[in-house]
Each structure stands twice: as structure tokens, then as C-alpha cells.
Amino acid sequence: MVDTRIYEMFREIGRDLYTANMISSHGGNLSIRLGDRVIIKRRGAMLGQLKPHDLIETRLDKNDSGVALASTELLVHRTVYMNTPALAICHCHPRTAVAFSLSRDDIVPIDNEASYLLKKVPIVMEEFASGTPQMANKVADALRNYKIIMLRGHGSFATGQTLDEAFFWSSTLEEACQIMLYAKQIDEPFIEYRKMSEAYNKF
Amino acid sequence: MNGWNGKILDIDLTTLSFSSYPLDMEMARQYIGGRGLGARLLWDLVGPEVDPLSPENVLIFTNGPLTATGYQTSNRFSVTTKSPLTGTVLDANSGGYWGMQFKKTGYDVMIVRGRAEKPVWIEIKNSEITFHDASELWGMRVYALTEKLSQDNNRRNVLCIGPAGENLSRIASIMNDRDRALARGGPGAVMGSKNLKAVVVEGRERPEIVDKERFKFMLYETRKLLAASPLTSQALPEFGTVVLMNIMNNIGALATRNHQQTQFEGAEAISGEELTEKYLVRNASCWACPIGCTRITKTGKVEGEGPEFESTWAFGAQCGVDDLAAIIEVNSLCNDLGLDTISAGSTIACAMELSEKGYMDSDLRFGRADLLAPTVEEMAYRTDIGAELSDGSLRLATKYGHPELSMTAKGMEMPAYDPRGLQGQGLLYATSNRGGCHMRGNMIGLEVLGLPKLIDRFQVQGKSSFVILNQNSNAAIDSLVICKFINMGVADEYFARVLSAVTGIQYATGDMIKVGERIWNLERLYNNREGFTTKDDTLPPRLLTEAAVDGPSQGWVSNLEPMLKEYYRSRGWDENGVPTPKKLAELGLAELVELQRS
């Protein structure tokens, strides 16, 4: 039985992801690690309208009956947990960031907030960009070095100690991408205000 | 060479001789330095047959690959030994300048073995080692001795014991740079048992950094992040660690009168705000630290560093004392005598409760500020009532037939945070490898300060995951060795990148946490080997059965049992709290255990 406090945390972050336009009605997923277990959104459930029965608890290291109900992205969540110190994962489809992921190998924010917080977000590519072991390994490998990464044309995976933290990195990335988009539209020369800014590319 | 000096100094005090040999670099890669390297070496050197106060115990002083590089807070060092207070593995670490200077002598590790026939002090000038007769220094207090041996912050640094260490108090600290302490678990008694009064270091060697450009960038980014965090740029510099007094009191998690209450009506009078307004002379910093949380305070009787939050709490709320001047003075006295302030204060609080309840015959009562300093004096010299308090509260309370009144975990006095109002903190104390300690993982960040984000402090399910991650992370930070306060503004991923830049070995964040997990499990194996079992992973009965009587934590006890079960499972340990063969193999520890068995 999932603790009420944990359910409320899922419900609130899920609702915020939807209202922030970072997922479609049934898109994205959230999970947390409880030691050797994972709590993850039920397959097909709506993150914006989560009910207590929409949270599935399953083993981290092997299958049990929970896998029949869990999100299709369970494999990638498990792989990330087994290869990084993450305790929470937020996967969503931030639209501007997805658009930028189609034409570059990493996203280096230009605004102050995201420069502080993210420095650089790498973009990984996988032909079958959902639910495969290949994709899971690539995402997990990138998340060993970065707290948020983009899967090209698909969406972001962010990790943290809490869902709150993982959501923070996700919304920061989308905000940074929107600013980059506006700057592109304004189309005036960029005045660098950060020292050593070139080092962000190598972070 | 790439962060590490690559050299171990091995001193035998019995023969007054020394040798130097290369550091095993594979061991360094796996355990980094500081606490990790100390634990790994202790595993080989000190077995269960060794009495902590015998010549067979060792003191292992270690620095880390970041020490003295100039990275923010890279001033710290560590000592590892078997604790005379708890019988567990013990590491204590300290800031100031000594650690930086020790690194510059060209050594990563100094092992001190044996026992000198008569008191000695050691001088290390670069790689040159000299043993000096300390007969005339024996009995000197820390402040006078530090001055006599010519402490000079950036050039020559003194580490020593005071009378408490000489008299083998099991809560004696080792002091460095006058007011900094390797405080907990009684390392000062181990040094005293070896007839070693002081170690003075002077060095000229600077550690090499492989990727200087990357290091420079991380230095710059860390500076920005520390400036951006209100904790590291405002709260700590302005109020010091005592900023926590009102915060903890307001949420009902400030242990009061030997943990009988969770709020102290006198908290405001001993708060960081009060300290700053009435007693602060100026701020000070450890080497290479931009935070500057150190307070130089002055009363009519003393002027010096401190007190920190835990010391203020131990002699304040825990003893029911709201006289801040008396607390500042007794803190200074502890430093001068070489006593751990947390254990000293909490042991006095235990004696106060024993006396108030009629189990012990003494004048000690909660609120008796006037008795703090005289009692501490007697503890250091083992005279009068101090003889009974000198070895900590568990031995004292046991003597009087009431061990349940000792607020300890594994025999070490717990700090200020009451586990009834902070469920994760309770699990942290109970599972800490060196006993009741707040520096083996920081649940205050998550449960109170919102670092990185606030979690529910009363939540039980899932707490073990946070505790484990923080224990592992802290073990890694203790091995770099840097100050945990930097972690209030800068995340682990930065430390991994700095370590990679300095050493040239690529560490991902997860690699560093894995190093921390390896260290934690090795420390656990050490304690298992010493005979510690699941029954030792517990808290005083008061915290498990007596609900908080008032305030925001009213009605709560520590729900340790379900958290502990979850913790063992999540750690990959069996139900007896022993790491499973699978976990040992995953961490590269299986061979070590097999070797031990054979």
C-alpha cells in the first residue's frame, strides 16, 4: 500500500506537468525508488488526474506481477535507478526542448537560471525511442553524468532525490529552451554576460 | 602526482622510528582518501582483539586528493581509529589549516602505531620527521601549547591533545589550529594512550592538478553557486551554524533536558541571532573557504572560536541552560582541555536527570549554568564527579543502573536533532557506523532545510532510500576531503567533476556515490567483525516509546522498526544487518572478506 504522502506528491507533480503543457493527456511518467522497489505510474493513466490506484509498486531488480500494470517506460526507469544514485525520475515531453533536440547534439542554455542549474543538457538518439533495452541503456548512461538529458524527438528524463527536484530540472530546461527560441526570433547579436561561458559546452 | 601525493608515512612510537612507502593507487581510486582510505587501512591493521587504548590500536591521519588544491573548503583531513568510546570504527574530520599543511608535507597518510615510553611530539617539515621530548609539555592545555609550538596558520600548524586526552577520557578530542577539533568518539584518548602530545606540520609541496582549465571552471561555478545560496552566502556567514537553533526549536525537534522535551523555552536566548548581536567579534574562515561560518566570540572571560550549533545545544537546551555567556565559556574550556562538546554536554545532561530523579547524588540540576565549567574541568582531569562523567553518558548511566537515560546510539551521544520530529534523522542515528552522529548523512537538509527539496519529516515509508543516499554521499565527501557545508550550495555532480579534473580519473556522480557505498559497507563489516549486530542499530527507549509531549511534534515517537527493515533490504543486507555476498561482490569487497576469513 502506497503511503498517502507519496500519492499526494505524485498527484501534485503530475497535475503540474499537465497544466504546464509539458505532457499530453496520457503522456509522460513519474517514478520514485524505495530501496529495492519502484513506484511508477500505471500504464495508460493520466498524470494530470492520478488516482491512488494509478500508482504501481514493483521490484527494482526483477519482474513481479506489478510489471503487467506499470508504465511502458518501466525498463528505462529501472535501468536508470540501477546505474545512478537517482531516487526519483520525471519523464515528460517539453515541447520547445523536443523541437531543439531535433537539430543539435546538446542544449546549452543561454539564460542565467539554467546556466547556473543545468550548464548543459546532452541529447541522446535511439531509433526505437520508447521502452527498449537499447534506449534504456543510453538514457541511463547519459544520466550518470547529467541530472537531465533529452532523448531526440521524444522528451526529457530528469533525476533527483525527490519528484519535486526532478520536475524542477525539467521545467528549468523547458523555460531555457523557450528563452532560446525567443532570442532566436528577436535575432539580435547576443551580448555575453557570463565569464567562461565556453566551458559550459564541455561540462 | 594528480591530486594524491602517493606516499604513506608510517610511524612507530614504541621504537621512535618511521618509514615511508608508496600509496596503493588502486586502493586510492576505490576509496579516494580521508575517511575511505582510513577505513580501508584500519580493516587490515586493527582487528577485534585490539583494545582501543592499547599500543596495538593505530591513528590513521589522512587527507584527500582535493586537499590543498584550493578548491572551496579543501582544507579538511581525517583521523581513523578504533573508538575507545563505542568500540566501532571511528573517523573524525576537522577543518582549519592543519589538513592543508599536512598535505603539503608530501604525504597522503600518516599511520601512528605503538606507544612511546615517555611523552613525545612529532615535527614534520616537508618530508623530514623529528621526534621531540614532550615531558615538559605534558599537562599543558591546548591554547598555550598551540602558541608554544609556534602555530602560524598558513605556514606551520599544530595538532595536539589537552589534559582530557592525556587522562584517557573516552570523549577526548584531538585539537588542531587551536580551536578546531577531531571531536567525536574519543580519538584524543587514543593519542594520549600513545604518549603523543602533538604533531606539528610544515610543508611546501602543492598538489598537482591534471586538467587545470576544467578545475578553474569548477572553481568559478562553485563560487557562483555558493554566492547564490542564501544558506552559504547569508545564514552561515551571518549567524554561523547556530542559525539552526530557532529553526529546530520552531518545528519541535530540538532535544531538550536530556531529550525529555522537543522544544526549549530558552532557545531564543541561545540563538544565532543572540550570539551575533551580543557576543560576535568577527567572522573567520578555514583555509580556502568563502563561506566563513566560524564565529570569533567574546565574553568577559574568554575570546575565541565558536560555539557551533551542536555545542550551544549540548550545554544549552540539552542541559536546560539559557545563559549564552556561560555556554560560550564552557565551549572554550572544552577546546582548551580537548573534550568533545557534544558528548560532554550531553553527559552532563544525563547526570542532571540522574540527579534530579534521585539515582545519583550530585548538585547537578537542569538549568545550573554555574556548574557547567567546573564539571567539565573535573571531567578532563578525572577528579571528583568528573571521574564518573569522563567516559561518556552510557558508562555513567549504566553505573547508576539506568542506561536508558543515556541519549546515545552505539554508545555515542546524539546531537541536537530529536528523532521524534525527524523520522529520517532517527534512522540515520540508529544506523550510523560511528554511533549517534549527524555527520554520517544529512537528513536535516531534506527534512528541514529543503536541500535539495523538502520532504515530509514524519513520512516513514521510503525514508531509508534518502538516508542511504545521504550516508553514501557523505562518505564520499568525507573522502575528498571537503566540508559538508559546501554541499548546501553545490551538488554531488560538481564534486565528481572536480575530482575528475584534479586526478585525471573520470568519476561520474554515480561512481562517487558508489565509492561512498563501498566505504559504508566496509565500515559496517568492520563493526560486524567487532561483534555489533542488529540489536545495536537502535535508539534510546525514550525516543521509541515516549511521545513528544508538546509542540509541532507532539504525539510522535521514532518509528524506527519499519524504517530499519526497509533500510536493511534497500542496503542489500540480510535480516541480521550483514551485507550479502551479492552486495559484497558488487562493491568489490568480497575478496577482502574472503582474505580475512582465510
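Tabulated values for the structure
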| read-out | value |
| --- | --- |
| Filtered residues of region B:407-426 (kept if more than 17 Å from B:L90 (Cβ to Cβ), of a type in the set (A, V, I, L, M) and touching a Phe, Trp or Tyr at 6+ places or on another chain (Cβ under 6 Å)) | B:A416 |
| Residues of region A:173-203 classified as within 13 Å of chain B (Cβ to nearest Cβ) and either within 18 Å of A:Y18 (Cα to Cα) or not in a helix (DSSP H, G or I) (or both), total | 5 |
| Qualifying helices (runs of 4 or more DSSP H) (wholly inside region B:197-251; at least 1 residues being touching a Leu at 6+ places or on another chain (Cβ under 8 Å), at pLDDT 95 or above and buried (at least 21 other Cβ atoms within 10 Å of the Cβ)) | B:244-250 |
| Yes/no for B:L219 being more than 14 Å from chain A (Cβ to nearest Cβ) and more than 25 Å from B:A387 (Cα to Cα) | no |
| Residue in region A:158-171 that is away from chain B (no Cβ under 14 Å) and surrounded by 14 or more Cβ atoms within 10 Å (Cβ to Cβ) present | no |
| Identity of the residue in region B:156-195, under 17 Å from B:T383 (Cα atoms) and of a type outside the set (G, A, S), that ends up surrounded by the fewest Cβ atoms within 10 Å (Cβ to Cβ) | B:L168 |
| Filtered residue count, region B:14-54, keeping only those that are closer than 17 Å to B:T80 by Cβ and not charged (D, E, K, R) | 23 |
| Tabulated pairs, region B:344-356, first farther than 16 Å from B:P403 by Cβ, second β-branched (V, I, T) and in a helix (DSSP H, G or I), C-beta under 6 angstrom, 6+ apart or interchain | B:A344/B:V376; B:I348/B:T375 |
| Total residues in region A:15-29, condition in contact (Cβ under 8 Å) with a residue 60 or more places away in the chain and more than 14 Å from chain B (Cβ to nearest Cβ) | 9 |
| Residue among A:L30, A:L75, A:L102 that is within 18 Å of the chain's Cα centre (by Cα), at pLDDT 95 or above and over 22 Å from A:F168 (Cα atoms) | A:L102 |
| Total residues in region B:292-314, condition assigned to a loop (DSSP other than H, G, I, E, B) and surrounded by fewer than 24 Cβ atoms within 10 Å (Cβ to Cβ) | 6 |
| Restricting region B:425-442 to residues that are aliphatic (A, V, I, L, M) and under 15 Å from B:L543 (Cβ atoms), the residue that is surrounded by the most Cβ atoms within 10 Å (Cβ to Cβ) | B:L428 |
| Test: B:N470 is modelled with pLDDT under 95 and either closer than 25 Å to B:L454 by Cβ or surrounded by fewer than 22 Cβ atoms within 10 Å (Cβ to Cβ) (or both) | no |
| Complete set of residues in region B:560-577 that are closer than 27 Å to B:G252 by Cα, within 14 Å of another protein chain (Cβ to nearest Cβ) and within 27 Å of the chain's Cα centre (by Cα) | B:M563, B:L564, B:K565, B:E566, B:Y567 |
| Hey, B:E238 within 16 Å of B:D322 (Cα to Cα) and either touching a helix residue (DSSP H, G or I) at 6+ places or on another chain (Cβ under 9 Å) or not hydroxyl-bearing (S, T, Y) (or both) or not | no |
| Selection from region B:567-581 of residues that are assigned to a helix (DSSP H, G or I) and touching a Leu at 6+ places or on another chain (Cβ under 7 Å) | B:Y567 |
| Considering residues of region B:242-278 that are polar (S, T, N, Q) and touching a residue at least 40 places away in the same chain (Cβ under 8 Å) only, the residue nearest to B:C350 (Cα to Cα) | B:N258 |
| B:R524 within 28 Å of B:W43 (Cβ to Cβ), over 24 Å from the mean Cα position of the chain (by Cα) and outside the structural domain of B:T80 (by TED's automatic domain parsing) | no |
| Which listed residue, of A:L55, A:L50, is surrounded by 21 or more Cβ atoms within 10 Å (Cβ to Cβ), touching a Phe, Trp or Tyr at 6+ places or on another chain (Cβ under 8 Å) and within 14 Å of another protein chain (Cβ to nearest Cβ) | A:L55 |
| Condition met for B:R282 (away from every other protein chain (no Cβ under 14 Å), outside any loop (DSSP other than H, G, I, E, B), surrounded by fewer than 18 Cβ atoms within 10 Å (Cβ to Cβ) and of a type in the set (K, R)) | yes |
| Search result, residues across region B:438-447 that are aliphatic (A, V, I, L, M) and either within 8 Å of chain A (Cβ to nearest Cβ) or not in a loop (DSSP other than H, G, I, E, B) (or both) | B:M443, B:I444, B:L446 |
| Residue match in region B:316-334 (condition: hydroxyl-bearing (S, T, Y), touching an Asp or Glu at 6+ places or on another chain (Cβ under 7 Å), at pLDDT 95 or above and not assigned by TED's automatic domain parsing to the domain that holds B:E166) | no |
| The listed residue being buried (at least 24 other Cβ atoms within 10 Å of the Cβ) and touching a residue at least 60 places away in the same chain (Cβ under 8 Å), out of B:T73, B:T80, B:T88 | B:T73 |
| All positions within region B:14-65 that are surrounded by fewer than 20 Cβ atoms within 10 Å (Cβ to Cβ) and either outside the structural domain of B:V109 (by TED's automatic domain parsing) or small (G, A, S) (or both) | B:S17, B:S19, B:S20, B:G47, B:S54 |
| Within region B:12-89, strands (runs of 3 or more DSSP E) holding 1 or more residues that are of a type in the set (V, I, T) and touching a Leu at 6+ places or on another chain (Cβ under 8 Å) | B:59-62, B:77-82 |
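The rows are residues; the columns are (1) surrounded by 20 or more Cβ atoms within 10 Å (Cβ to Cβ); (2) under 19 Å from B:A253 (Cβ atoms); (3) among the charged types (D, E, K, R); (4) in contact with a Leu (Cβ under 6 Å, 6 or more places away or on another chain).
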{"position": "B:R524", "(1), (2), (3), (4)": "yes, no, yes, no"}
{"position": "B:N527", "(1), (2), (3), (4)": "yes, no, no, no"}
{"position": "B:P540", "(1), (2), (3), (4)": "yes, yes, no, no"}
{"position": "B:S558", "(1), (2), (3), (4)": "yes, yes, no, yes"}
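Matching residues to (1) within 26 Å of B:E305 (Cα to Cα); (2) aromatic (F, W, Y):
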{"site": "B:G338", "(1), (2)": "yes, no"}
{"site": "B:S355", "(1), (2)": "no, no"}
{"site": "B:Y381", "(1), (2)": "yes, yes"}
{"site": "B:L396", "(1), (2)": "no, no"}
{"site": "B:M407", "(1), (2)": "no, no"}
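The values are calculated or read from the model by the stated rules, or taken from the named source; none is laboratory data. All values reported here derive from a predicted model rather than from experimental measurement. Cβ atoms come from the backbone with ideal geometry, glycine included; neighbour counts cover every protein chain shown.
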